[in-house]
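S.K.: The following block contains the structure, expressed as structure tokens.
The values are calculated or read from the model by the stated rules, or taken from the named source; none is laboratory data. On a predicted model such as this, the values are computed, not experimentally measured, just so you know. All Cβ positions, glycine included, derive from the backbone under ideal geometry; neighbour counts span all protein chains shown. These area figures cover heavy atoms from the full protein model, side chains too; ligands, DNA and RNA do not enter into them. Shrake-Rupley method; radii C 1.70, N 1.55, O 1.52, S 1.80 Å.
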Amino acid sequence: MDERNEYWKTMYEELEVQMKDMMSMTLELIESNGMEKQKTIEKVTKENNWLREELEKSKMAQMENIKLNKEIRRLKLLEHKFNVTYAGKFTLKYLALKSSIKEQIKK
């Protein structure tokens, strides 16, 4: 009977050692996974910050583009007014005459 008890006691101790080894391996895996996750989180955070900056730049560029488009439209309307109205045509002819007089004076 003593031999049987010794056998089971030895088996229990071996099982206990195996369980401890398994638990330490599991803990190592969890810790290494945690490090990998931390690195991934840092990488994603950096990328996210970069994307936010690019989005902000894009928004600013879009606002500038809208302003420039409005200015172009205003100038095109002004050009159209000069080309269509009598006062505008008169002004263009006056400017042409003025520049031709300047050319004549330079010669």
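S.K.: Could you please let me know if ILE30 is at pLDDT 90 or above, open to solvent by 80 Å² or more (accessible area, probe 1.4 Å) and under 50 Å from the mean Cα position of the chain (by Cα)?
M.R.: no
S.K.: A further question follows. Among what's in region 85-107 and is surrounded by 10 or more Cβ atoms within 10 Å (Cβ to Cβ), among the β-branched types (Val, Ile, Thr) and in a helix (DSSP H, G or I), pick the residue that is farthest from the chain's Cα centre (by Cα).
M.R.: Per the criteria, the residue is ILE101.
This table checks each residue for (1) within 30 Å of LEU95 (Cα to Cα); (2) not aromatic (Phe, Trp, Tyr).
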{"position": "ASP2", "(1), (2)": "no, yes"}
{"position": "GLN18", "(1), (2)": "no, yes"}
{"position": "GLU36", "(1), (2)": "no, yes"}
{"position": "LYS43", "(1), (2)": "no, yes"}
{"position": "TRP50", "(1), (2)": "no, no"}
{"position": "GLU54", "(1), (2)": "no, yes"}
{"position": "MET60", "(1), (2)": "no, yes"}
{"position": "ARG73", "(1), (2)": "yes, yes"}
{"position": "LEU78", "(1), (2)": "yes, yes"}
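S.K.: Could I ask something else about it? Within the set of pairs 6+ apart or on separate chains, which have a first residue in region 65-91 that is without any contact (Cβ under 8 Å) to a residue 40 or more places away in the chain, a second that is exposed (fewer than 11 other Cβ atoms within 10 Å of the Cβ) and not small (Gly, Ala, Ser), and C-beta atoms under 9 Å apart?
M.R.: LYS89/ASN83
S.K.: Can you tell me which of GLU54, GLU47 is open to solvent by less than 90 Å² (accessible area, probe 1.4 Å) and either acidic (Asp, Glu) or in contact (Cβ under 8 Å) with a residue 12 or more places away in the chain (or both)?
M.R.: That would be GLU54, the only listed residue that is open to solvent by less than 90 Å² (accessible area, probe 1.4 Å) and either acidic (Asp, Glu) or in contact (Cβ under 8 Å) with a residue 12 or more places away in the chain (or both).
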